[in-house]
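Asks: I have a structure I would like to understand better, so I am pasting it below and will then ask my questions one at a time.
Just so you know, all these numbers are worked out from the coordinates, no wet-lab data involved. These numbers were taken from a predicted model, which means no experiment stands behind them. Here the Cβ positions follow ideal geometry from the backbone for every residue, glycine too, while neighbour counts run over all protein chains shown.
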Amino acid sequence: MRFEPTARREGARGMAALARPLLVMALVLSAAADARGQAAGPAEKAADPRIGLAAGWRDAGEAASNLTLVSHVPRPEGFFNPSNPGDFGFMNADLAFSGDDVFQGGFNGFQVWDISDPRAPKLRTSFVCPGGQGDLSIYGTLLFMSVEETRGRVDCGTQGVADTVSAERFRGVRIFDIRDLDHPKQVAAVQTCRGSHTHTLVTDPKDEDNVYIYVSGTSVVRPAAELAGCSARSPDEDPNTSLFRIEVIRVPLAAPQDARIVNAPRVFADARTGAIAGLWQGGSHGAGTQTTSRTDQCHDITAYTEIGLAAGACSGNGILLDIRDPANPTRVAEVSDPNFAYWHSATFSNDGSKIVFTDEWGGGLQPRCRATDRPEWGADAIFTLSGRTLKPAGYFKLPAPQTATENCVAHNGSLIPVPGRDIMVQGWYQGGISVFDFTDPTHPVEIAYFDRGPISKDTLYLGGYWSAYWYNGYIIGSEIARGLDILELKPSEHLSQNEIDAAKLVRLERLNPQNQTRIVWPASFVVARAYVDQLVRGRGLPSARTAAIARELDRAEQLTGAQRRSALTRLASQLDRDAAGAADPDRVKALAAAVRKLADASA
């Protein structure tokens, strides 16, 4: 989420001033004042049940396709304002995962949900600690929390900070010891000049003693009198300005209390001259294009340690970082897009050959999915990555138009681990949850969704899905105003039961969405059958051949030991020959590799 400039200049009282009675005035839009393009015709209503859903905070209408709502839990006491469902001070925000626990960050602190029974999540603990956004990451027994608002206090107090300069104010990254999860203990609080809007936890395979936190600060720069070295001046006035950089925190795992900033890399510098303001300067790209923010900050950075790269969504540009030395990230590529207003987040494909960047046009506060809004604006842009070259390939935007009382734009999501395909689940605020396939980056296709009607039919209250992530067989959604949702994929013409079951084989002990890890599938007949289903759907081999392959898999599964190994090895060799004349040779080769993996496991 991104605050508009007026919200960034909130002064000493911070966003708390907006989070009370003035919030509705600041954020609410009248449906009558902006109703153009909202009257969907009969054909549209028949085509998509998301159109025309009944409004309501706790009783809105629902529509789903190929997704089932498994459970819903509302926000607990102390984490919502009964008189204003869109109160900024109590918003739910992003998620992190560890074991059977979901950690739900927010502007008033965090909640921990036990989802060992996904049909009956239980609130394990809640911890009040205001300061926004409250984005979280987990590593072992440490919990990291972003704080950016000027009301944040070192002691997590709720009274805010009244003085313009105060030693009681905290803006940066908190570190909690969560060995006793019912009683989290803050062990460190690393102050930064712009606070931490989001952060990224980065590990180093060569350094098991430390983790690194990349801090993305997007808010106002605090006075130097409050934190030495802070400066909001332009680069021409001050080459040490707090703008045009990120911060890197090193956290010693054995002594997290010693965490400190070890670098503030100028990742936006001009590669030739070294000028620190070297990327997009802000403004329009020309007639019919967006007005794009100046590149002086990163909103989100997604690290993919196994390939040594990170993708930064950095206000006016998408950037690629080399993170093989995590303390010293360096920019190796950058892209711009005339359809983007504000580069918000990024997701790699599992093989690292594609990156999905999101555009948070309107800052997450505006209705940007109306029938009158351009499909390339407020959308996902998919780029292909070859070496260090990023090339635009296509766009995906929520296909169902939303109303003028629903804040809606592309937001946070993750991959769904279906072998052989690039599938992503994503939150779209009050546009709901969308699952789309971008295996062909030039023609992404929605394959599932879940949506609720607006909180109000007359007034825009801030709400909807901040994020939606796949975790150990389920989709977990953080709903800003309504709570936490758990959903499950259903088989359809787009996705077979074998593909879903293969995805469920991928089990994680921990998930921090801004730190992608390589997806690896175990040796399993269901993985092989998922590839067969894809070959049938896409006509990658003649139907008679795929039927024969399916029979051979069934027969081999009934065998054991050396007999199974021999049958599978023989089938893999046949598949190698099949690939030569196949319409989809790469998928046949992937199937052959899965069958060989099964053969090796049968020894």
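Asks: Once you measure Cβ to Cβ distances between cysteines in the chain, which Cys have no partner under 4.7 Å?
Replies: none
Asks: Ok, one more. Which of the aspartates and glutamates could a cross-linker span from LYS185 if the Cα-Cα distance has to be under 14 Å and same-chain partners fewer than 8 positions apart are dropped?
Replies: LYS185 reaches ASP155, ASP177.
Asks: In addition: Return the aspartates and glutamates within reach of LYS391: Cα separation strictly under 19 angstrom, same-chain partners fewer than 8 residues apart disregarded; answer none if there are no such residues.
Replies: Partners within reach: ASP322, GLU334, ASP337, ASP351, ASP359, GLU376, ASP380, ASP422, ASP437, ASP440.
Asks: I'd like the GluC sites (Glu not before Pro) in the range 495-603 restricted to DSSP loop residues with at most 15 other Cβ atoms within 10 Å, sorted by number.
Replies: Sparse-neighbourhood loop GluC sites (Glu not before Pro): GLU509.
Asks: Which of the residue pairs LYS397/LYS490; LYS206/LYS589; LYS122/LYS457; LYS206/LYS597; LYS397/LYS589 have a Cα-Cα distance greater than 25 Å in the structure shown?
Replies: Details: LYS397/LYS490 22 Å; LYS206/LYS589 33 Å; LYS122/LYS457 31 Å; LYS206/LYS597 29 Å; LYS397/LYS589 32 Å.
Violating the 25 Å limit, Cα to Cα: LYS206/LYS589; LYS122/LYS457; LYS206/LYS597; LYS397/LYS589.
Asks: Moving on to the next point. State the dimensionless ratio Rg/Rh of the range 158-307 (Rg: radius of gyration of Cα atoms; Rh: Kirkwood radius).
Replies: Details: Rg = 17.6 Å, Rh = 17.3 Å.
Over the Cα atoms of the range 158-307, Rg/Rh equals 1.01.
Asks: With Rg and the Kirkwood Rh both taken from Cα atoms, where does Rg over Rh land for the range 410-507?
Replies: 1.00
Asks: Report, to one decimal in Å, the Kirkwood hydrodynamic radius for the range 450-603 based on all distinct Cα pairs. Intermediate results must be reported in sequence, preceding the final value.
Replies: Numbers: mean 1/r = 0.0555 Å⁻¹.
Computed over Cα pairs of the range 450-603, the Kirkwood hydrodynamic radius comes out at 18.0 Å.
Asks: Would you mind estimating how fast the range 58-212 diffuses translationally, via Stokes-Einstein at 20 °C and 1.002 mPa s with the Kirkwood radius over Cα pairs, in µm²/s?
Replies: 128
Asks: Percent of alpha carbon pairs in the chain separated by more than 41 Å?
Replies: Numbers: 42996 of 181503 pairs.
Considering the chain, 24 percent of its Cα-Cα pairs are separated by more than 41 Å.
Asks: Could you please tell me the mean projected area of the C-alpha convex hull for the range 231-298, averaged over all directions and given in square nanometres to one decimal?
Replies: Its average projected convex-hull area is 6.6 nm².
Asks: Now for a separate question. Just name one of GLN426, VAL445, HIS494: the one whose Cα is farthest towards the positive end of the charge dipole of the range 414-504 (beta-carbon charges, Lys/Arg +1, Asp/Glu -1).
Replies: The one lying farthest along the dipole's positive direction is GLN426.
Asks: For the range 352-402, compute the orientation-averaged projected area of the C-alpha convex hull (one quarter of its surface), in nm².
Replies: Over every viewing direction, the Cα hull of the range 352-402 projects on average to 3.9 nm².
Asks: Over the Cα atoms of the range 69-123, how large are the radius of gyration and the largest Cα-Cα distance (Dmax), in Å?
Replies: 11.7, 35
Asks: Hey, got a sec? Which trypsin sites (Lys or Arg not before Pro) in the range 226-321 land in a DSSP loop and have at most 11 other Cβ atoms within 10 Å?
Replies: For trypsin sites (Lys or Arg not before Pro) across the range 226-321 that sit outside H, G, I, E and B with at most 11 neighbouring Cβ atoms in 10 Å, the list reads ARG272.
Asks: Ratio of alpha-carbon Rg to the 2.2 N^0.38 Å globular estimate for the range 312-422, to two decimals, please.
Replies: 1.12
Asks: Hey, could you pull the Cα Rg and Dmax for the range 259-332, both in Å?
Replies: 13.7, 48
Asks: Quick check on the range 96-163: what are the equivalent-ellipsoid semi-axes from the Cα gyration tensor, as sqrt(5λ), descending, whole Å?
Replies: Details: eigenvalues 132, 30, 14 Å².
The answer is 26, 12, 8 Å, longest axis first.
Asks: Normalised radius of gyration for the range 516-603, please: alpha carbon Rg relative to 2.2 N^0.38 Å, two decimal places. Please list the in-between numbers first.
Replies: Working: Rg = 12.5 Å, N = 88, 2.2 N^0.38 = 12.1 Å.
With N residues counted in the range 516-603, Rg over 2.2 N^0.38 Å equals 1.04.
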